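Structure first, then comments.
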Amino acid sequence: MSGSARGTVPGLATPYPLGAALPAVYAEDDFGQRFVAGLDVVLAPLFNVLDSLEAYFSPALAPSDFVDYLATWVGAELDGGEPLELRRHAVASAVALHRVRGTRQGLVAAVRLAFGVPPEITESGGASWSAGPLGPFPGTPSAGLRVVLRVDDPASVDPHRLRAVVAAARPAHLPFTVSVTDSRTSEGA
């Protein structure tokens, strides 16, 4: 979770005041009632969380700090600086991304989620068939993957973040390179 902690919520009343549950001998005791009222203030947020516990496990409804906690549970690839809506979307789509991890589709989805732009992917492999023996092998002899991200402002993209996203989503056995280029200058090329 981000550095914040849950605590008391000013003005939040408890649905189960402890003073009403005290034995009759303490029902009229002013000190006892004030003492347990202090506990009510501490317990009220707990009851509030328990009453809405299912919302904490929905990325669309969870409090922002709990979304960060959920991201660690589902292995969402976040660096912590993303806007809240993007973090919510990353947590909600993490399972689907894990399903296609290591594939071209998964790599495109991970980069698009992190940067909002689909990448250009060039890979060394290929697939082919031949009716005769000793046909040519597809692709290139050395394995490799190249990911190019074309954006309007290359300075706004952290290349280390791009490298981390690609490293997490690529096929594990492939060496790779990444680059960020200006989409405005490459359109005419």
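The values are calculated or read from the model by the stated rules, or taken from the named source; none is laboratory data. Source: prediction; values computed, not measured. Note that each Cβ is placed from the backbone with ideal geometry, even for glycine, and that neighbours are counted across all protein chains shown. Quick note on the areas: whole protein, heavy atoms, side chains included, nothing else; ligands and nucleic acids left out. Shrake-Rupley method; radii C 1.70, N 1.55, O 1.52, S 1.80 Å.
Comparison of Y69, Y26 shows that the only residue that is closer than 26 Å to S93 by Cα and either open to solvent by 50 Å² or more (accessible area, probe 1.4 Å) or in contact with a strand residue (DSSP E or B) (Cβ under 9 Å, 6 or more places away or on another chain) (or both) is Y69. The set of residues in segment 158-189 being of a type in the set (V, I, T) and modelled with pLDDT of 90 or more consists of V165, V166, T177, V178, V180, T181. All conditions in (1) among the aliphatic types (A, V, I, L, M); (2) open to solvent by 60 Å² or more (accessible area, probe 1.4 Å); (3) more than 15 Å from the chain's Cα centre (by Cα) hold for A60, with the sole exception of (3). For segment 122-162, filtering for residues that are open to solvent by 50 Å² or more (accessible area, probe 1.4 Å), hydrophobic (A, V, I, L, M, F, W, C) and touching a residue at least 12 places away in the same chain (Cβ under 8 Å) leaves 1. Can you spot a residue in segment 88-106 that is under 24 Å from R146 (Cβ atoms), surrounded by fewer than 19 Cβ atoms within 10 Å (Cβ to Cβ) and small (G, A, S)? Yes, there is a match, as at least one residue in segment 88-106 is under 24 Å from R146 (Cβ atoms), surrounded by fewer than 19 Cβ atoms within 10 Å (Cβ to Cβ) and small (G, A, S). Kindly indicate whether any position in segment 24-41 is over 14 Å from A169 (Cβ atoms), of a type in the set (S, T, N, Q) and in contact with an Asp or Glu (Cβ under 7 Å, 6 or more places away or on another chain). Among the residues of segment 24-41, not one is over 14 Å from A169 (Cβ atoms), of a type in the set (S, T, N, Q) and in contact with an Asp or Glu (Cβ under 7 Å, 6 or more places away or on another chain), which makes the answer no. Here A143 meets each of (1) at pLDDT below 90; (2) part of a strand (DSSP E or B) with one exception, condition (2).
Just to be sure, is V165 aliphatic (A, V, I, L, M), assigned to a helix (DSSP H, G or I) and open to solvent by less than 90 Å² (accessible area, probe 1.4 Å)? Show your work before the answer.
Details: aliphatic (A, V, I, L, M): yes; assigned to a helix (DSSP H, G or I): yes; open to solvent by less than 90 Å² (accessible area, probe 1.4 Å): yes.
When the stated conditions are applied, V165 passes them.
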